[in-house]
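Engineer: Please read through the structure below; I'll follow up with questions.
The values are calculated or read from the model by the stated rules, or taken from the named source; none is laboratory data. Worth saying up front: this structure is predicted, and the values here are computed from it rather than measured. Note that we place each Cβ from the backbone using ideal geometry, even for glycine, and neighbour counts take in every protein chain shown. Side chains are part of the model used for accessible areas, which takes the heavy atoms of the whole protein and leaves out ligands, DNA and RNA. Shrake-Rupley method; radii C 1.70, N 1.55, O 1.52, S 1.80 Å.
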Amino acid sequence: MTVPQKEAPPAVAEDAAIYTFKDSDVQRAHDLVGVYHAVTQREQYTRASPDIMRNFARSYGDDNPLFCDENYGLDTRWGGQIAPPMINIALSQSLLADPIPREMRKPSFRGIHVFVSGTTTDWYRPVYDGDTLYSFQGFESVEEKQSEFAGKSLIVTRSHVQMNQRAEIVQIQRVITIHTERHESKKRKKYDAISPATYSEDDIARIDEIYAAEVCRGSETRYWEDVNVGDSLGTMAKGPLTTTDMVVFHSGGYGFAPYTPCTGRLAYQNRQRIGAFYIPNESGIPDVAQRIHWDSEYARSIGLPAAYDYGMMRDCWISHYLTDWMGDEGWLVRQSSQMRKFNYQGDTHTFTGEVTDKRVEGDRYLVDVELRGTSQRGEVTCPATATIALPSRKSGQVVLPTAPEDLSRIAVQILSRNGELRAEKRRAGLNA
């Protein structure tokens, strides 16, 4: 799935060129608001399996047996293992679709730095072993701004809709991306005062105490009636962030399409496809701009104190925190997050949250929560809100939400066209 767009965009060698926004790119972005297209690129994985669900969960530190054990889920209301909520960033099959006219293609924003500043995700049904996922996407809004960090910027909200092989919408994710003129960030000294974090043995021991006390609710059902406004969701630790964390996150499936970091001959072929994405390192070797997430020397070369994580990694952490609290029978209805500050290598986050409201909507018993990830500097880098459906002692199990009707119709149309085009290709092959 090219959903969400990865946070390391095409770039150029330092001082080789200065890229600014093209007026035509900005105008095209405005023109494409409300237009949806099938995603024709595949992600690292295309079909859910017990191994893929487990490995993806473990890639961000989640050992919930509902996601990691193919037998555990048989005794739950789901009847089997289900995928972690954020599986969309690693799992999607390509779709066949009619060619998009040039004037309807999304702008390339060549040389423009892109990072995710926030997401809102709504979930409608679980992903099971054997499910194949597909997606379509479009611009929901486009806004021009001036930012303190990088001068002129473009804030683009993209809507990504993921469906299964039955054209049933699994989730809708709205991603806010900030597009900035990369060279402008180097002119500013906003982050010069930030020093890399260091830790004593006692510091690590205090973090370990948080890890040791964490609890996955699991099979101990949390009923709506037992939750009160003001209840704490507990504390979860994440970090200190290391290069290993980033490697493990990628090994779980994140960060491939559309840039597709690769090696050897495949990397050579990729350089022919998107040469601007490959920036020579200090040894003159072309390497991916995406290394800003694990190469601190490169990060410093564009005005940052160190390499930093993906916003989507923190979204995974947030979903981990929430699903640990709600238990097997709950359903994460919506999660909305903001990425307000970078999470640099060496940073440690603690997640805390509390219940802010509980309500009944139709046949769903809902709980609203506020939560945040706080770094060792005391900065809240990722505030978030969420809505969780819990089972009720009065009415029983959670009733899943219903996907929007207009997008459900588009899902059917896109998957049907995919089938028609596949049939045409098979017939052409037989007649060749």
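Engineer: Looking at 387, 381 in this structure, which one is polar (S, T, N, Q) and either within 25 Å of residue 155 (Cα to Cα) or part of a loop (DSSP other than H, G, I, E, B) (or both)?
Structural biologist: 381
Engineer: Continuing with the same structure: Can you tell me which residues in region 130-143 are out of contact with any His (no Cβ under 9 Å at 6 or more places or on another chain) and either of a type in the set (D, E, K, R) or crowded, with 20+ Cβ neighbours inside 10 Å (or both)?
Structural biologist: 131, 133, 134, 140, 143
Engineer: While we're on this one: Any residue in region 331-346 that's of a type in the set (Ser, Thr, Tyr): show its pairings with residues that are in a strand (DSSP E or B) at Cβ separation under 7 Å, as long as the two are six or more apart or on different chains.
Structural biologist: 336/120; 336/384; 336/385; 337/118; 337/119; 337/382; 337/384; 344/308
Engineer: Say whether the condition of being buried (at least 22 other Cβ atoms within 10 Å of the Cβ) and farther than 24 Å from residue 227 by Cα is met by at least one residue in region 328-340.
Structural biologist: Scanning region 328-340, I find at least one residue that is buried (at least 22 other Cβ atoms within 10 Å of the Cβ) and farther than 24 Å from residue 227 by Cα, so the answer is yes.
Engineer: Can you tell me which of (1) surrounded by fewer than 23 Cβ atoms within 10 Å (Cβ to Cβ); (2) under 22 Å from the mean Cα position of the chain (by Cα); (3) outside any loop (DSSP other than H, G, I, E, B) is the one residue 306 doesn't meet?
Structural biologist: (3)
Engineer: Search region 341-385 for residues being within 12 Å of residue 314 (Cβ to Cβ) and among the small types (Gly, Ala, Ser), and hand back the single one that is nearest to the chain's Cα centre (by Cα).
Structural biologist: Filtering first and then ranking leaves 384.
Engineer: So, one more: Of the residues that make up region 95-110, is at least one touching a strand residue (DSSP E or B) at 6+ places or on another chain (Cβ under 8 Å) and either free of Cβ contacts under 8 Å to residues at least 12 places away in the same chain or under 28 Å from residue 373 (Cβ atoms) (or both)?
Structural biologist: no
Engineer: Please work out if residue 39 is open to solvent by 50 Å² or more (accessible area, probe 1.4 Å), farther than 30 Å from residue 348 by Cβ, touching a residue at least 12 places away in the same chain (Cβ under 8 Å) and of a type in the set (A, V, I, L, M, F, W, C).
Structural biologist: For residue 39, the condition - open to solvent by 50 Å² or more (accessible area, probe 1.4 Å), farther than 30 Å from residue 348 by Cβ, touching a residue at least 12 places away in the same chain (Cβ under 8 Å) and of a type in the set (A, V, I, L, M, F, W, C) - is not met.
Here is a yes/no grid of residues against (1) touching a residue at least 12 places away in the same chain (Cβ under 8 Å); (2) on the phi > 0 side of the Ramachandran plot; (3) open to solvent by less than 30 Å² (accessible area, probe 1.4 Å); (4) not charged (D, E, K, R):
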residue	(1), (2), (3), (4)
402	yes, no, no, yes
410	yes, no, no, yes
413	no, no, no, yes
421	yes, no, yes, yes
427	no, no, no, no
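Engineer: So residue 237 clears everything in (1) out of contact with any helix residue (DSSP H, G or I) (no Cβ under 9 Å at 6 or more places or on another chain); (2) in contact (Cβ under 8 Å) with a residue 40 or more places away in the chain; (3) within 30 Å of residue 204 (Cα to Cα) except one condition, right? Which one?
Structural biologist: Going through (1) out of contact with any helix residue (DSSP H, G or I) (no Cβ under 9 Å at 6 or more places or on another chain); (2) in contact (Cβ under 8 Å) with a residue 40 or more places away in the chain; (3) within 30 Å of residue 204 (Cα to Cα) one by one, residue 237 breaks only (1).
Engineer: Moving on to the next point. Every residue in region 42-72 that is touching a residue at least 24 places away in the same chain (Cβ under 8 Å) and farther than 21 Å from residue 214 by Cβ, please.
Structural biologist: Once the filter is applied, which keeps residues that are touching a residue at least 24 places away in the same chain (Cβ under 8 Å) and farther than 21 Å from residue 214 by Cβ, region 42-72 yields 42, 43, 44, 45, 46, 47, 48, 49, 50, 52, 70.
Engineer: If the Cβ limit is 9 Å and pairs must be 6+ apart or interchain, which residue in region 248-262 that is in a helix (DSSP H, G or I) pairs with which residue that is open to solvent by 40 Å² or more (accessible area, probe 1.4 Å)?
Structural biologist: Every condition considered, the pairs that remain are 248/58; 248/61; 250/44; 250/256; 250/294; 251/55.
Engineer: So residue 79 passes all but one of these: (1) open to solvent by less than 30 Å² (accessible area, probe 1.4 Å); (2) free of Cβ contacts under 8 Å to residues at least 24 places away in the same chain; (3) outside any strand (DSSP E or B). Which condition number does it fail?
Structural biologist: Here residue 79 clears every test but (1).
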